[in-house]
Amino acid sequence: MNKRYIAIGIIIILVLGLLFVPKILSKEDKKVKFKVLDSSEIPEKIKEILPKYLSEERAITCRLGNEIYVLVTRGEKKTGGYSVDVDKIIMEEKSKDGFDLVVYAKFKDPDANEIVTQGFTYPFTIVKTNLDKMPESIRLEVDYVE
C-alpha cells in the first residue's frame with residue numbers, strides 16, 4: 001500500500017515538473033544580456049544626445065547601427081554621491097514581432113555623513129545590449145539601496 005502512494009506521489013511530482021519547469025526556464029530566456037559601458041566606451045553619437053535626457057529620471061533605448069543601448073538617468077541632483085546601476089533587463093513579449101523592456105535599476109544615494117562634491121550632478125549609466133530589435137516601450141523599475 002505504501003509503495004503505491006509513493007509511486008502516485010512521484011508521478012504527480014513529475015507531471016507538475018513537466019508543467020512548470022518549461023515556464024520557469026522560458027522566463028530565464030527573456031533576460032537581456034548587457035554590458036555596462038565605461039565613459040571611454042560610450043559612442044560619440046550617444047554622448048551628443050545624452051545632455052537632452054540627463055535632467056529626467058528615466059530609461060531610454062538608442063540604436064546605433066546594429067547595436068542597441070539602454071540609458072538610465074536619475075535626473076538632476078544637488079550634490080555628488082548618487083549612483084545608478086542596472087541590475088537586469090527583462091524582455092516582455094507583447095506580440096509575435098513586438099516586445100517591451102523592463103529595466104531594473106538600483107539607485108544609491110549618498111549617506112548623510114558622507115563627504116560629497118558640492119554642485120549639480122546628473123547620475124546615469126549606459127549599457128550595450130544583445131538585442132537586435134528595438135522594443136515598443138521601456139519601463140524603469142527602481143530599487144533604492146542603502
Report task. Collect the residues in the range 116-146 that are under 12 Å from V70 (Cα atoms) and basic (K, R), keeping them in residue-number order. Result -> K128, R139
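Every residue, every condition in (1) at pLDDT 95 or above; (2) surrounded by 13 or more Cβ atoms within 10 Å (Cβ to Cβ); (3) at positive phi, yes or no:
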{"site": "I24", "(1), (2), (3)": "no, no, no"}
{"site": "K33", "(1), (2), (3)": "yes, no, no"}
{"site": "V72", "(1), (2), (3)": "yes, yes, no"}
{"site": "Y82", "(1), (2), (3)": "yes, yes, no"}
{"site": "D87", "(1), (2), (3)": "yes, no, no"}
{"site": "D97", "(1), (2), (3)": "no, no, no"}
{"site": "A105", "(1), (2), (3)": "yes, yes, no"}
{"site": "P123", "(1), (2), (3)": "yes, yes, no"}
**Report entry** Whichever residue in the range 125-146 is surrounded by fewer than 16 Cβ atoms within 10 Å (Cβ to Cβ) and among the hydroxyl-bearing types (S, T, Y) and, among such residues, is farthest from K33 (Cα to Cα)
**Finding:** Y144
Report task. Scan the range 107-121 for residues that are of a type in the set (A, V, I, L, M) and surrounded by 14 or more Cβ atoms within 10 Å (Cβ to Cβ) and report the count. Result -> 1
**Report entry** Pick from the range 59-70, criterion loosely packed, with under 15 Cβ neighbours inside 10 Å and either in contact (Cβ under 8 Å) with a residue 12 or more places away in the chain or basic (K, R) (or both), ranking: farthest from P123 (Cα to Cα)
**Finding:** N66
Requested in this report: Take the range 113-146 and flag every residue that is in contact (Cβ under 8 Å) with a residue 24 or more places away in the chain and polar (S, T, N, Q).
Outcome: T117, Q118, T121, T125, T129, N130, S137
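The values are calculated or read from the model by the stated rules, or taken from the named source; none is laboratory data. Not measured: the values here are computed from a predicted model. Positions of Cβ are backbone-derived with ideal geometry, glycine not excepted, and every protein chain shown enters the neighbour counts.
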